[in-house]
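Data block below; observations after.
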Amino acid sequence: MTSSGRGPEPDDVTPFPDALQRESHMNEADPDLLDAIVVGGGIAGLTAAWRLRHRRILLLEAADRVGGRMYSVQRGEYWLNLGAHLFPGPDSVVQGLVREVGLQTIPVTGGMMGLALAGRTLTTGSIDLYPLRLPLTLRERVAFARAGLRLMREVRRFHRDVAPKEGEAAADVRRRLADYGTDRTFADFLGTLPPRVESVFSCAAHRATAESEELSAGCGVALFAKVWAGKDSLDRRNLLGGSGRLPEELSKRLGDRVRVGAEAIGLRVDDGLAEVAYRQRGTTQTARARHVVLAIPGRQASLLLAAVAPAAASALGKLAYGAFLSMAILTGEAGAMPWDEVYAMATPGRAFDMFFNHAQPIRTPGRRSPGGSLMVYAGAHAADALLAKTDDEIRDAFLPDLLDLYPALRNLIVETKVQRWSIGNVFARPGRQPLTPDLERPLGPGGNVHLAGDHFANGGLGEMEAAAGSALTAADRIDRLLMAASG
Ligand SMILES: Cc1cc2nc3c(=O)[nH]c(=O)nc-3n(C[C@H](O)[C@H](O)[C@H](O)COP(=O)(O)OP(=O)(O)OC[C@H]3O[C@@H](n4cnc5c(N)ncnc54)[C@H](O)[C@@H]3O)c2cc1C
């Protein structure tokens, strides 16, 4: 990503200088002609590049590291996770990649359903009983229980009628999910609630980087369906060593076919070939290929696509994204701590929305190594407001609430690391979803521009499997087209 966290602006620079335009005829016999250029080095771009590694390819990544929103840094036996951390199940595309590059995921056994509210921290027991166990007023208890029941009923309906079925094509699932619950907002679905109860549900909506008033009811329900899958969830795994190891390892194996600090600033298609202009170390260069994969968030892809596929660019430009602001914390305790059995806890009404214990999956019974790794994040409007603050200001905003939550943390903080995600996640707003099936086909006059990324998510909430899965689909298609073209 650029330092501002945004992609190219339309008037940034002239991507194709006059000289280049004059000699634009792209010669098929050109030895510099690549099979594919992949724009974006997040998990989507790396998956596409990895699938096409037997071809002549180039991957361009604007930031000075690969991984995009999968980012972690090693600290001894621990790691600080700053972005995505929960990995999908064994049959997923992502797990396939993990195995292929010799990495390992480990189960998360700690509680995923913690809730800290009204001065009480609940980390065990049935969530059905949370309204009774929290020190709430009778009115709040009744409202909490009613809204919870309504949501549970809808989640059951979601699993029965809407969730993916065995063997169903991903595109069909996406089409059905795109139409689900788009008639109103999640806030409308929940109805009017007392402020403290409302804060519980809006805190959950912040996981989608949206406020309840922005999120479609369907996206809110799909989010709870996933969170409440509990122990049955296939997403209860972490990557040993940190999420960032997967993109790092893929990039290492792709070698000099990956170019970091290289921001794509222009795309055009001529004579059925694609030309990408990119800026690296202050100079503008171009690369040409038979196919291009735009594996970058929708808004950024929209800018590059404007001249090549205007309708698709317009649809991508309408996708809704919200912010995340995460802070990882390396701790220096000598022994057991009160959060040891917790993996994830919602913290409504605090400066951050969620608390995570990223050391939990590596704790083994009977042996408790000193130290640990925690993470907190804020999502949606609160995160947006923090983006412009300094790291120290963000730390000062988060730490009092963290110490109030767990006073035992005092004097144990060894390091904090702040990460701003101006493009934190994609989410579905009410109304017709802009991501039509048309975007799943080859785009542009040459039919050689392909999209990938987490905006191809089921239920309208971005996750690594949606990113990798859509990239694999695009790369498979490119490989087939290249094979057909070569006879
Ligand atoms: C705090 C946080 C927690 C999350 N938790 C989870 C989780 O637990 N599980 C889960 O599955 N998902 C989670 N996600 C979502 C997950 O991280 C994303 O869905 C996924 O990583 C998206 O991958 P991507 O490749 O589509 O996009 P990205 O990771 O955003 O990659 C896009 C890349 O393209 C680059 N780029 C942009 N424009 C250009 C350009 N013009 N030229 C060149 N390069 C460009 C960017 O720098 C970036 O590296 C989380 C996200 C965040 C932020």
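A quick yes/no check of all residues on (1) of a type outside the set (Lys, Arg); (2) touching a residue at least 40 places away in the same chain (Cβ under 8 Å); (3) out of contact with any Phe, Trp or Tyr (no Cβ under 8 Å at 6 or more places or on another chain); (4) loosely packed, with under 12 Cβ neighbours inside 10 Å:
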| site | (1), (2), (3), (4) |
| --- | --- |
| 111 | yes, yes, no, no |
| 117 | yes, yes, yes, no |
| 121 | yes, yes, yes, no |
| 128 | yes, no, yes, yes |
| 132 | yes, no, yes, yes |
| 135 | yes, no, yes, yes |
| 139 | no, yes, yes, yes |
| 143 | yes, yes, yes, no |
| 147 | yes, yes, no, no |
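Residues of the stretch 189-231 that are of a type in the set (S, T, N, Q), surrounded by fewer than 22 Cβ atoms within 10 Å (Cβ to Cβ) and more than 19 Å from residue 144 (Cβ to Cβ): none at all. Restricted to helices (runs of 4 or more DSSP H) entirely inside the stretch 113-232, those with at least 1 residues that are modelled with pLDDT of 90 or more are 130-133, 138-157, 186-190, 195-205, 217-227. Considering only the stretch 167-188, state which residues are under 15 Å from residue 457 (Cβ atoms) and either buried (at least 21 other Cβ atoms within 10 Å of the Cβ) or not assigned by TED's automatic domain parsing to the domain that holds residue 218 (or both). 174, 177, 180, 181 - these are the residues of the stretch 167-188 that are under 15 Å from residue 457 (Cβ atoms) and either buried (at least 21 other Cβ atoms within 10 Å of the Cβ) or not assigned by TED's automatic domain parsing to the domain that holds residue 218 (or both). One residue stands out in the stretch 441-468 among those that are small (Gly, Ala, Ser) and surrounded by fewer than 23 Cβ atoms within 10 Å (Cβ to Cβ): the one that is farthest from residue 421 (Cα to Cα), namely 446. The set of residues in the stretch 258-281 being of a type outside the set (A, V, I, L, M, F, W, C), within 9 Å of the ligand (Cβ to nearest atom) and closer than 14 Å to residue 292 by Cα consists of 278 alone.
Give 202, 216 a once-over and let me know the one that is polar (S, T, N, Q) and farther than 15 Å from residue 429 by Cβ. Spell out the reasoning first.
Working: 216 fails: farther than 15 Å from residue 429 by Cβ.
When all the criteria are applied, what remains is 202.
For the residues 282, 332, 322, the requirement of being on the phi > 0 side of the Ramachandran plot and of a type outside the set (Ser, Thr, Tyr) singles out 282. Just so you know, in the stretch 347-372 the residues that are closer than 15 Å to residue 86 by Cα and more than 17 Å from the chain's Cα centre (by Cα) include one that is surrounded by the fewest Cβ atoms within 10 Å (Cβ to Cβ), and it is 362. As an exercise: evaluate residue 466 against (1) without any contact (Cβ under 8 Å) to a residue 24 or more places away in the chain; (2) within 12 Å of the ligand (Cβ to nearest atom); (3) farther than 25 Å from residue 155 by Cβ and give the number of the one condition it does not meet. Checking residue 466 against (1) without any contact (Cβ under 8 Å) to a residue 24 or more places away in the chain; (2) within 12 Å of the ligand (Cβ to nearest atom); (3) farther than 25 Å from residue 155 by Cβ, the one that fails is (3). Could you grab the pairs with beta carbons closer than 8 Å, sequence gap of 6+ or different chains, first residue in the stretch 186-212 and closer than 15 Å to residue 118 by Cβ, second one among the acidic types (Asp, Glu) and at pLDDT 95 or above? Going by the 8 Å Cβ cut-off, the qualifying pairs are 194/140; 196/140; 197/140; 203/353. Each residue in the stretch 360-373 was checked for being over 22 Å from residue 204 (Cβ atoms) and either within 16 Å of the ligand (Cβ to nearest atom) or part of a strand (DSSP E or B) (or both), and 5 pass.
Please work out which residue is surrounded by the most Cβ atoms within 10 Å (Cβ to Cβ), limiting yourself to the stretch 374-403 and to residues that are free of Cβ contacts under 8 Å to residues at least 40 places away in the same chain and assigned to a helix (DSSP H, G or I).
399
For the stretch 266-289, the set of residues classified as buried (at least 19 other Cβ atoms within 10 Å of the Cβ), more than 14 Å from residue 308 (Cβ to Cβ) and not charged (D, E, K, R) consists of 278, 287, listed by residue number.
If you take just the strands (runs of 3 or more DSSP E) that sit entirely in the stretch 246-330, which of them hold at least 1 residues that are acidic (Asp, Glu)? Walk me through it before giving the result.
Details: elements: 258-260, 262-270, 273-280, 283-294.
Result: 262-270, 273-280.
Residues in the stretch 399-432 that are β-branched (Val, Ile, Thr) and closer than 28 Å to residue 461 by Cβ: 416, 418, 423, 426.
Starting from the stretch 295-310, take each residue that is without any contact (Cβ under 8 Å) to a residue 24 or more places away in the chain and list its partners that are more than 8 Å from the ligand (Cβ to nearest atom) and assigned to a helix (DSSP H, G or I), counting only C-beta distances under 7 angstrom and pairs at least six apart or across chains. The qualifying pairs are 302/313; 302/316; 302/317.
The values are calculated or read from the model by the stated rules, or taken from the named source; none is laboratory data. All values reported here derive from a predicted model rather than from experimental measurement. Heads up, the Cβs are rebuilt from the backbone with ideal geometry, glycines too, and the neighbour counts pull from every protein chain shown.
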